[in-house]
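Below is one structure; the comments refer to it alone.
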Amino acid sequence: MENLYKLTIQEASTKLKAGEITSSKILESIIERIEKVEPEINSYITKTFEIARAQAKESDKRYVDGKPLSDLDGIPVALKDVFCTKGVKTTAASKILEDFIPAYDATVVEKLENAGAIMLGKVNTDEFTMGSSTENSAFGPTHNPWDTSRVPGGSSGGSAAAVAADECLFALGTDTGGSIRQPASFCSATGLKVTYGLVSRNGVVSYASSFDTIGPIAKSAADVAIILNIIAGNDPLDSTTVKEKLPDYTSFLGKDIKGKKIGIPKEFYGQGLSAEVDKILKDAIKKLESLGAEVEEMSLPSTDFAIAMYYIIAKSEASSNLARYDGIRYGYSNLKKDKTKIKDLIDLYFKNRTEAFGNEAKRSIMMGTYTLSSGYFDAYYKKASQVRSLIKREYEDAFKKYDVLITPVSPFPAFKIGEKLEDPLSMYLADVNTVPINPAGVPAMSVPAGFTSTGLPVGMQIIGPHLGEGKIIEIADAFQRATEHHLKKPEIK
Ligand code: GLN
């Protein structure tokens, strides 16, 4: 059996449970694939193949011993390098954590390990997940598998590229303002930003704690459902996690979507939207209509304020979260260099942080410290918090009427490496369609919807109500059963 790296989780799991293949065989196929494409793609910061081989052997033994296998048993996964992994370097793609080895596993990592998933390694991201292109990484940019002169999107660009290039069967990412959805869209993967609090953030490096979410990037909505069943749920170590009893997400697969109500918020289809993306979205919406969904244009008027609101709050929280990196307890430190050159404690902090933070992290600290300072707090942070409440309410009202809302994930397809790096504002605007969802706290998925004339992937964003992941999976899965965009693979030279 060849090309096992191409399998979806659903396919691999069925074959594993039937004894048709072994986890070790899948793993070797993936390792070979990684070694072949990594010179072009650069998704992995750290590879943990020896750990993976031992885990695969154990999974194979569970099968031989007749133990029940979970749906992720024996399935290889790539983790964005912000998930703490016991004994394995966790860098957040920052020089300040280049040698950081955590003493514990993040809750999600533990859940994956308990389910028997196989850890391939840690993949690239923008430093501290701040960015939309995976260029803000201390380990060099990741390249888009569909056109290696372009970015994979960000910040979970390593995760999305690894999925698209078949360098894993699935990956985990994080999404604070679009970091799962936008790279999934740029790379043609299926990525889900969950309801705030559905998945534990314990042991995951923070960006903006009140927006941060953790979710899967996979090859299909069906695979997303399988992963969600394992990673979602309450965690005593994260007090913001949900307490509700959660459904079996695979029960939303294979459904008829006749009569489902879909809202099309007009603010997402205006100025700045590429004509090709607009056309692909319109065709996708028509497809859903042909499957029986009822589509209606509607309005979310505060959308226009989302970017300003988001960056004020996100950077405020970021400046506070980044304060802990001083190089004293762990991470990059001048104490490990020439101690005699350090004048005092302030000088040590100054040198460590100046040398080891990248530009976007520094920009975050400056912006966030400014908006939280006493003279400006009311004008910026407080105002932004009010706008946040407004946005949240608009989404709550919308979902009284609609099952889901559909928008483009990004106004344009993947841009060139270097194109936006020197212009932070234009980089921020790459997330104009995804940032409103995080303050609303609701779930949203990026689903492959088509390709531009030059062969670049375009994603559609399906937004659902609070804890409405099932509704999203239902629509996405119906769309994927009726289309083939998500099955198309890039040719990597
Ligand atoms: N590009 C956005 C930012 O830099 C979102 C990043 C994210 O979701 N982590 O804030």
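Take the residues in the stretch 469-493 that are touching a residue at least 60 places away in the same chain (Cβ under 8 Å) and outside any helix (DSSP H, G or I); name whichever of them is surrounded by the most Cβ atoms within 10 Å (Cβ to Cβ).
The residue in question is Pro490.
Going by the structure shown, is Glu294 open to solvent by 30 Å² or more (accessible area, probe 1.4 Å) and more than 28 Å from Thr452 (Cβ to Cβ)? Reasoning before the result, please.
Details: open to solvent by 30 Å² or more (accessible area, probe 1.4 Å): yes; more than 28 Å from Thr452 (Cβ to Cβ): yes.
Yes: the conditions hold for Glu294.
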Flag if Met445 is part of a helix (DSSP H, G or I), in contact (Cβ under 8 Å) with a residue 60 or more places away in the chain and among the aliphatic types (A, V, I, L, M): no
Test: residue in the stretch 267-277 that is surrounded by 13 or more Cβ atoms within 10 Å (Cβ to Cβ), under 16 Å from Phe479 (Cβ atoms) and at pLDDT 95 or above: no
Only listed residue being open to solvent by 60 Å² or more (accessible area, probe 1.4 Å) and either farther than 18 Å from Ala208 by Cβ or of a type in the set (Asp, Glu) (or both), chosen from Leu335, Leu372, Leu405: Leu335
Those residues of the stretch 111-157 which are out of contact with any helix residue (DSSP H, G or I) (no Cβ under 6 Å at 6 or more places or on another chain), under 17 Å from Thr213 (Cα atoms) and away from the ligand (no atom under 16 Å from the Cβ), in sequence order: Leu112
Any hit, the stretch 195-206, residues being closer than 21 Å to Ile463 by Cβ, part of a helix (DSSP H, G or I) and of a type in the set (Gly, Ala, Ser): no
Test: residue in the stretch 340-358 that is aromatic (Phe, Trp, Tyr), under 27 Å from Gly272 (Cβ atoms) and surrounded by fewer than 21 Cβ atoms within 10 Å (Cβ to Cβ): no
Inter-residue pairs, beta-carbon under 6 Å, first assigned to a loop (DSSP other than H, G, I, E, B) and in the stretch 146-157, second among the charged types (D, E, K, R) and near the ligand (Cβ under 9 Å from one of its atoms), 6+ apart: Gly154/Asp126; Ser155/Asp126
Any hit, the stretch 425-437, residues being open to solvent by less than 10 Å² (accessible area, probe 1.4 Å), hydrophobic (A, V, I, L, M, F, W, C) and in contact with a strand residue (DSSP E or B) (Cβ under 6 Å, 6 or more places away or on another chain): yes
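The values are calculated or read from the model by the stated rules, or taken from the named source; none is laboratory data. Being a predicted model, the structure only gives us computed values, none of them experimental. Note: ideal-geometry Cβ built from the backbone for every residue, glycine included; neighbour counts use all protein chains shown. These accessible areas exclude ligands, DNA and RNA; they are computed on the full protein's heavy atoms, side chains included. Shrake-Rupley method; radii C 1.70, N 1.55, O 1.52, S 1.80 Å.
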